[in-house]
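> Structure below; questions to follow.
The values are calculated or read from the model by the stated rules, or taken from the named source; none is laboratory data. Everything numeric in this text was worked out from a predicted model, so none of it was measured. For neighbour counting, all protein chains shown are included, and Cβ atoms are generated from backbone atoms with ideal geometry for every residue, glycine included. Please note that ligands, DNA and RNA were not included when accessible areas were found on the heavy atoms of the full protein model with its side chains. Shrake-Rupley method; radii C 1.70, N 1.55, O 1.52, S 1.80 Å.
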Amino acid sequence: MEELENVGKQPLLDFNFLKELTDARIGLGHAGTSIPTKESLNFKLAHAQARDAVYTPMAIVALSSKLESFSLPSTTLYSKVKDRTEYLQRPDLGRLLNQRSTKVLSDEIKNCDVVICVADGLSALAINLNAFDVIKLLVPKIQQANWSLATICLVMQGRVAIADQIGEILKAKLSLILIGERPGLSAADSMGIYLTYRPKRGLTDDSRNCISSIRKGGLSAELAANKIFYLIQQAMGKRISGTGLKDEYES
Amino acid sequence: MSYHFTIDHQRYQFNDLKALLAKASPFRTGDALANISARTYKERVAAQLALADVPLKNFLSETIIPYETDEITRLIIDDHDMANFITIDHFTVGQFREWLLSDETDTAKLHHIAAAITPEMAAAVSKIMRNQDLIAVARKIEVVTKFRNTIGLKGHFATRLQPNHPTDDPKGILASIIDGLMYGNGDAVIGINPASDNPLAVLKLLALIDRLRTQFDIPIQSCVLSHVSTTLNLIRKQAPIDLCFQSIAGTEKANHGFGISLALLTEAHEATLSLKRGTIGNNVMYFETGQGSALSANAHHGVDQQTCEARAYSVARKFNPMLVNSVVGFIGPEYLYDGKQITRAALEDHFCGKLLGLPMGMDVCYTNHAEADQDDMDNLLTLLGVAGCNFVMGVPGSDDIMLNYQSTSFHDALYLRKVLGLKPAPEFEKWLIAHQIFDEYGMLAKHTNLGILKNLDVLWKS
């Protein structure tokens, strides 16, 4: 491998000290004017990981049985999206439950304080790796504060705003949605959490608060759970969410 | 007014020019999402056939967004160059395409009529052109701009050095800038997308590039791509602003969503000019655009995304910009799904921008949820090079670690210059040769000169 690295490349000399200053792909060297083989393939690998994250299905059965062992009921729901291709092209359909799921949800217990939703978003990998860790830390805090919790909604092919419809049907005071973020080259497994007070259909992003980059190596599950619980307290107290609610959590 | 075309006794009707343009647009997901695209392949071609017969004059009498409700429509109509319109006023859209492609229509003639073409005329003709037509016509057009160097000359190809960092760390940014300069990138501009719009953070970055530029006497311009209102405030404090940046869109409502208006842009343009920092020219604005921005702000008025994009160019040309680029693949697959759609859109944007007289560059780029990869970008980069694109981005290893998308690398620019025999901006090339970064033939020097790495200490300060 070392030989391969050195073919056709200029010596890096003092560039190494620059490389320590940023995660950007600098000091790559060059073969002719092109990127050397190893760097070129490393880039391809990072892209492949991101692509696979987009197409990884959410491990619903595993997640719901983990939740069950924690005595938490969950309900599996589906958006109006048929498959990943449609999901990527029709964000509008990913924000709405299909007819069957709407009916299933209507039979659930209503008027709870908090509903937690979990959706694949653009990286089910992020959910498979991070969602349960956050939920198991967050739920005891919510219970301790004496807020009632609805069934945990596991949503296939969902977008952020699908939590609006879910919250509206369940008449929840506040909705959370844990969702896979758009994968990047450096991290394909980042999860975001969006909080909305008095969720209802038609709300836009300025009505929500968001915590992002939750992953091992990013924002830890513990810190994420603390931050989101702080935001829930603020939202419940002030009866708002979104741009009017500032995230002043001190970590 | 309604338009129609009949194929095999089937009559296709289009209620107005807006609907006709939308249905004639080559397929892309954004128009389908907006529910305005043709429903069948045949309907699309029927629309194109009908559009080819529409006289160019109709575009002046039938506005697609009302004059009364949209300041960009007013700009388009009020600034239209009637005197030079005489050259093309008798054409239909179809005849206009043939005139553009004709060998008699040269660089000078195209320059002459730029202000006589409205964005809607440009969009219309592009919809009935194949990719090769878009390349062949754009290649004939030369739009040259100047600040501290000259961008857009035929035979030259520049890059915006894009040294972004997730926390705006000055050292991290400087490391990427130096790497880029060593690869002959940055002649169009050193342009940083700041992670924060905080004026102090922006000022710090501006001062950093300014020190680097003056210390090594580099003939380039810089820009921190903050909101125009932030830049305006910094200008009032005499910050070293070379180029003033703003994202723009093609409807008043979409621009409102960006927090801008023509009045605010005029104010920013005049303020930037007042700094008089350009040494050989006065093109001080840098604009970014992109298909789908109006739709994503729900401000498209039922106009297709490519026509909205062309309308943004009428905003840009009012302010004699140094640089304009469409960030074509950044918006995501719900607007441009795959490599094919991104490529088509990029060639349309480059063509329409050039036809309207803009110094067009392109951000050849994609996100990880789009059906595209480096091979698609290699193809597009090569096509744009042939089409005479003024500049592309230069991002370390194609990976923007702040904006989380993939664009063209420093190496990509060297590849394109090599295979097409293109040179950097002349003033910048001279500097590269003088500092032994390039050899006398304009190729990357065999032994990297690291002189620039010496005495960097002064740059780290403050």
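> Before I look further, what does the stretch B:50-177 give for accessible area per residue, probe 1.4 Å, in whole square angstrom?
On the way: 4890 Å² over 128 residues.
Accessible area per residue: 38 Å².
> Further, regarding this structure: Where the eigenvalues come from the Cα gyration tensor of the protein assembly as shown, what are the semi-axes √(5λ) of the equivalent ellipsoid, largest first, in whole Å?
Details: eigenvalues 352, 242, 111 Å².
The equivalent ellipsoid of the protein assembly as shown has semi-axes of 42, 35, 24 Å.
> Kindly flag which residue pairs out of B:Lys154/B:Lys237; B:Lys204/B:Lys354; B:Lys57/B:Lys109 have an alpha-carbon separation exceeding 26 Å in this structure.
On the way: B:Lys154/B:Lys237 38 Å; B:Lys204/B:Lys354 34 Å; B:Lys57/B:Lys109 19 Å.
Violating the 26 Å Cα-Cα cut-off are B:Lys154/B:Lys237; B:Lys204/B:Lys354.
> Can you say what percent of the DSSP beta bridges in the protein assembly as shown, counting only those with both residues inside, are antiparallel? Round to 5. Don't skip to the answer; put the middle values down first.
Working: 26 of 65 bridges.
Percent antiparallel among DSSP bridges in the protein assembly as shown is about 40.
> Sticking with this one: Any chance you could check the stretch B:404-432 for residues losing 20 Å² or more of accessible area when the partner protein chains are in, compared with the chain on its own (1.4 Å probe)?
B:Asn404, B:Gln406, B:His411, B:Leu414, B:Lys418
> Starting from the Cα gyration tensor of the stretch B:91-231, take the square roots of the eigenvalues, sort them a ≥ b ≥ c, and report rounded, prolate or oblate (rounded when a/c is under 1.5, otherwise prolate if a/b is larger than b/c, else oblate).
Values: a/c = 2.95, a/b = 2.23, b/c = 1.32.
The shape class here is prolate.
> Same structure again: Could you size up the charge dipole of the protein assembly as shown around its Cα centre, putting +1 on the beta carbon of Lys and Arg and -1 on that of Asp and Glu, and report it in debye to the nearest 20?
Using Cβ point charges on Lys, Arg, Asp and Glu, the protein assembly as shown gives about 1100 debye.
> Here's another thing I want to ask about it. Just the projected area, averaged over all directions, of the convex hull on the alpha carbon atoms of the stretch B:290-340: how many nm²? List each step's numbers first, then the result.
Working: hull surface 16.1 nm².
So the mean shadow area of the Cα hull is 4.0 nm².
> Interface B/A, total buried accessible area with a 1.4 Å probe, nearest 100 Å²?
Approximately 3400 Å², summed over both chains.
> Inside 10 Å of the C-beta atoms of A:16-23, what's the mean count of C-beta atoms belonging to other chains?
Values: counts 0, 3, 11, 2, 3, 11, 14, 7.
Per-residue shielding by partner chains comes out at 6.
> Suppose we keep just the alpha-carbon trace of the stretch B:3-140; what are its Rg and Dmax in angstrom?
15.3, 44
> Compute accessible area for the stretch A:26-43 by itself and then with all protein chains, 1.4 Å probe, and report residues whose area falls by 30 Å² or more.
Buried-area filter returns A:Ile26, A:His30, A:Thr33, A:Ile35, A:Phe43.
> Along the principal axes of its C-alpha atoms, what lengths does chain B span, in descending order and rounded to whole Å?
Principal extents (largest minus smallest coordinate, Cα): 77, 44, 44 Å.
> For the stretch B:276-379, what does the convex hull of the Cα positions come to per residue, in cubic angstrom?
Values: hull volume 12.3 nm³, N = 104.
Considering the Cα atoms of the stretch B:276-379, their hull volume per residue is 118 Å³.
> Over chain A, what percent of the accessible surface lies on carbon and sulfur atoms, probe 1.4 Å?
Details: 5830 of 11960 Å².
Whole-percent figure for carbon plus sulfur exposure: 49.
> Still on this structure, I have one more. For n ≥ 4 DSSP H runs only, could you compute -39500 (n - 2.57) per run for chain B, divide by its residues and tell me the 222 nm figure to the nearest 500?
Details: 22 runs with 207 residues, N = 462.
Result for chain B, helices only: -13000 deg cm²/dmol.
> Follow-up question, since we're still on this one. Whose amide H sits under 5 Å from the amide H of B:Phe391, counting only residues 5 or more places off or on another chain, with H placed in the peptide plane?
HN-HN under 5 Å from B:Phe391: B:Ala158, B:Gly361, B:Met362.
> Extent of the stretch A:47-136 along each principal axis, from alpha carbon coordinates, in Å, largest to smallest?
Over the stretch A:47-136, Cα extents along the principal axes are 41, 30, 20 Å.
> For chain A, what does the accessible surface come to per residue with a 1.4 Å probe? Please give it in Å².
Numbers: 11960 Å² over 251 residues.
Per-residue accessible area for chain A comes out at 48 Å².
> Are there any residues in the stretch B:327-347 with a reduction of at least 20 Å² in accessible surface when going from the isolated chain to the assembly of protein chains? Probe 1.4 Å, please list them by number.
B:Glu334, B:Tyr337
> Taking Cα centroids, how far is the stretch B:138-200 from the stretch A:48-121 in Å?
Cα centres, the stretch B:138-200 to the stretch A:48-121: 43 Å.
> Report the relative contact order of the stretch A:55-238, percent, no decimals, based on alpha-carbon pairs under 8 angstrom and at least 6 residues apart. Display every interim value, and only then the final one.
Values: 394 pairs, mean separation 43.8, N = 184.
Across the stretch A:55-238, relative contact order equals 24 percent.
> Per residue, what volume in Å³ does the Cα convex hull of the stretch B:348-393 take up? If you can, show how the numbers build up before the last one.
Working: hull volume 3.4 nm³, N = 46.
That works out to 73 Å³ per residue.
> Going out from 0 in 10 Å bins, what whole percent of all Cα-Cα distances in the stretch A:55-238 drops into each bin?
Taking all Cα pairs of the stretch A:55-238, the binned fractions are 10, 42, 40, 8, 0 percent.
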